[in-house]
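The values are calculated or read from the model by the stated rules, or taken from the named source; none is laboratory data. Bear in mind the structure is a predicted one, so any value in this text is a computation, not a measurement. Reconstructed Cβ throughout: ideal geometry from the backbone, glycine too, with neighbour counts over all protein chains shown. Accessible surface is based on the protein model in full, side chains and every heavy atom, while ligands, DNA and RNA are left aside. Shrake-Rupley method; radii C 1.70, N 1.55, O 1.52, S 1.80 Å.
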Amino acid sequence: MPAEIMRRTSCWFLGDSLCFLYNYVSYIITSASVGVMVLISADRFVAICDPLHYPSRVTERRAKVCVCLCWLISALYNIILVKDELIQLGMHNSCYGECVIIVDSITGTIDTVLTFIVPVFVIVVLYMRVFVVAVSQARAMRSHVTAVTLQLSVAATTKKSELKAARTLGVLVIVFLLCFCPYFCVSVAGSDLLKRFSEFVAFLFFFNSTINPLIYALFYPWFRKAVKLIITLQILEPGSCETNIL
């Protein structure tokens, strides 16, 4: 955000190389953010719709591999978008001190489909399925409330945790749509509208990455406790790795 503010409100004095690097990294971060959200949706889908196979299908190793692949694919994909700028730095700058990367209409349309429409479609389909299964599970639990045993009580607690995670995902998806829709709508609408609202939609676009951690902090007590340990520097104390935050 500081670099974006400087790029839009004053002269860019960091040179063409850092201009390219800034734009490229910002593209990678936003694309990877969308990809990770799709992975979270898939994780919640398996956890709620196929809970018996969840421990075997979603392992820590597979999760790490998927996240790494998400970032790698994002880096490779976005280098294609800015390849012309990489060949000739500053080729779209009209004057000294400007930092601009222009993507042609065809490439921009393809990018909109791949980084917004397709991910949103996948997320919405998965989450609608999660919602339907969650509602059916809640009804089944209410119908068998008189026959609850200790084992079922523990299972119900687990289900409650899974449903809470799904609710958090729902909030994330809504915020994601509110932040990303204006940017892509303005981009598709045309250059005149883009010039008029470019600053607002750009800041709203990046604001999604700012608010996501706040959403996690509001919904998860362990996340709030972890942030508190970091801010108060308790994480630097001996034995802090043994602290129970769950």
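Miscellaneous remarks
- Only one entry of A189, A156 meets the criterion of being open to solvent by 40 Å² or more (accessible area, probe 1.4 Å), over 25 Å from V38 (Cα atoms), modelled with pLDDT under 75 and of a type outside the set (D, E, K, R), and that entry is A189.
- Annotation note: Cβ proximity below 6 Å between a residue of region 35-53 that is farther than 30 Å from D111 by Cα and touching a residue at least 24 places away in the same chain (Cβ under 8 Å) and a residue that is surrounded by fewer than 20 Cβ atoms within 10 Å (Cβ to Cβ) and among the hydroxyl-bearing types (S, T, Y) (sequence gap 6+ or interchain) occurs for A47/Y54.
- Candidate set: region 196-246, residues that are more than 15 Å from C179 (Cα to Cα) and of a type in the set (D, E, K, R); chosen: the one farthest from the chain's Cα centre (by Cα): E237
- Of all the criteria given as (1) farther than 22 Å from Y183 by Cα; (2) out of contact with any Cys (no Cβ under 9 Å at 6 or more places or on another chain); (3) modelled with pLDDT under 70; (4) open to solvent by less than 90 Å² (accessible area, probe 1.4 Å), the one not satisfied by H144 is (4).
- Restricting the first member to region 72-90 and to residues that are modelled with pLDDT of 75 or more, and the second to residues that are charged (D, E, K, R) and open to solvent by 30 Å² or more (accessible area, probe 1.4 Å), the beta-carbon pairs closer than 8 Å and six or more apart or on different chains are L81/D111.
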